[in-house]
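Q: I'd like to ask you about the structure that follows.
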């Protein structure tokens, strides 16, 4: 008697790694729609996609899962001219599929307006376990702009398209959806005015890397001009320290008054912070000629300490 074929239960595993990257918005959108395999070479990333596709432990685990079981949750695309498509939700799955050696990706293709696509793209990524401050900043900015353009509530995850709210602003509705206060939403959006190098230091807190700038001083620094932020970044590299909240408040005030020169920035940066151990500092301009071009402040410090240790040993030998 012929044995009955076994069911492939892994296709319905709710705990699969790539299913974890689907939100309820994607699951709801997938109901009753056809899944088709689209060549990866014909899929373009979403324009100005604010989320990073990082090669972290989760990505490596997702790649291994795809190698064993394939892509279990479809990505969401919208059609472009010709036979090309634009990714709306599923950038991490696409990257993992490429690394796993696949040629195609299971997808749901939907006709979406720019605003509808933006909202679905933001919602599909905003509830990941780790979302960096820079990602929130640009995602909130993009979704809020789309909501304002539509003039109505457009949260695809909870209410029908077209439902209006006459009593709440778009920012208040967005705040409710993401569980942030309206003022916190505005603080995040203000971070989009930070220079990329400084914004990376804000992300470094989540990534566990250095140098780091906390949210409160970062917000104040975002009001500096691009030129002032560039000078500040150079000083951070030279001084090996980032500004405190009090220092950033002072910088913002001097900038508002048009008096934040490079000398003023240096003076503020060299102020002793609370509980800070007094440090002995050498101006970089005086010692840089002893080092190859591009040497970091950390490398200079390490070399100077080694040279002083050699000097002390030589002095000890000479006095014997």
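The values are calculated or read from the model by the stated rules, or taken from the named source; none is laboratory data. Since we're looking at a predicted model, the values are computed, not measured. Don't worry about glycine lacking a Cβ; one is built from the backbone with ideal geometry, like all the others, and counts go over all protein chains shown.
Q: Can you name every residue in the stretch 151-195 that is in contact with a helix residue (DSSP H, G or I) (Cβ under 7 Å, 6 or more places away or on another chain), at pLDDT below 85 and within 16 Å of residue 120 (Cα to Cα)?
A: Those that are in contact with a helix residue (DSSP H, G or I) (Cβ under 7 Å, 6 or more places away or on another chain), at pLDDT below 85 and within 16 Å of residue 120 (Cα to Cα): 153, 154, 155, 156, 157.
Q: Go through (1) assigned to a loop (DSSP other than H, G, I, E, B); (2) touching a strand residue (DSSP E or B) at 6+ places or on another chain (Cβ under 9 Å); (3) surrounded by fewer than 19 Cβ atoms within 10 Å (Cβ to Cβ) and name the single condition residue 101 misses.
A: Against the list (1) assigned to a loop (DSSP other than H, G, I, E, B); (2) touching a strand residue (DSSP E or B) at 6+ places or on another chain (Cβ under 9 Å); (3) surrounded by fewer than 19 Cβ atoms within 10 Å (Cβ to Cβ), residue 101 comes up short only on (2).
Q: Can you say whether residue 205 is modelled with pLDDT under 95, part of a helix (DSSP H, G or I) and buried (at least 18 other Cβ atoms within 10 Å of the Cβ), as far as the supplied structure shows?
A: Considered against the rule, which asks whether it is modelled with pLDDT under 95, part of a helix (DSSP H, G or I) and buried (at least 18 other Cβ atoms within 10 Å of the Cβ), residue 205 comes out as no.
Q: On to the next question. Could you go through the stretch 112-123 and let me know if any residue there is more than 30 Å from residue 222 (Cα to Cα) and part of a loop (DSSP other than H, G, I, E, B).
A: Looking through the stretch 112-123, at least one residue is more than 30 Å from residue 222 (Cα to Cα) and part of a loop (DSSP other than H, G, I, E, B).
Q: Taking the residues in the stretch 289-315 that are assigned to a helix (DSSP H, G or I) and at pLDDT below 75 as candidates, determine which candidate is nearest to residue 234 (Cα to Cα).
A: Checking each candidate, the answer is 297.
Q: Let me ask you something else. Give the number of residues within the stretch 208-232 that are under 22 Å from residue 257 (Cα atoms), surrounded by fewer than 16 Cβ atoms within 10 Å (Cβ to Cβ) and under 21 Å from the mean Cα position of the chain (by Cα).
A: 3
Q: Restricted to the stretch 53-85, and to residues that are part of a loop (DSSP other than H, G, I, E, B), free of Cβ contacts under 8 Å to residues at least 60 places away in the same chain and in contact with a helix residue (DSSP H, G or I) (Cβ under 8 Å, 6 or more places away or on another chain), which residue is farthest from residue 129 (Cα to Cα)?
A: 83
Q: Would it be correct to say that residue 268 is part of a helix (DSSP H, G or I) and at pLDDT 85 or above?
A: Yes.
Q: Before we move on, is residue 88 at pLDDT 90 or above, touching a strand residue (DSSP E or B) at 6+ places or on another chain (Cβ under 7 Å), closer than 29 Å to residue 132 by Cβ and part of a loop (DSSP other than H, G, I, E, B)?
A: no
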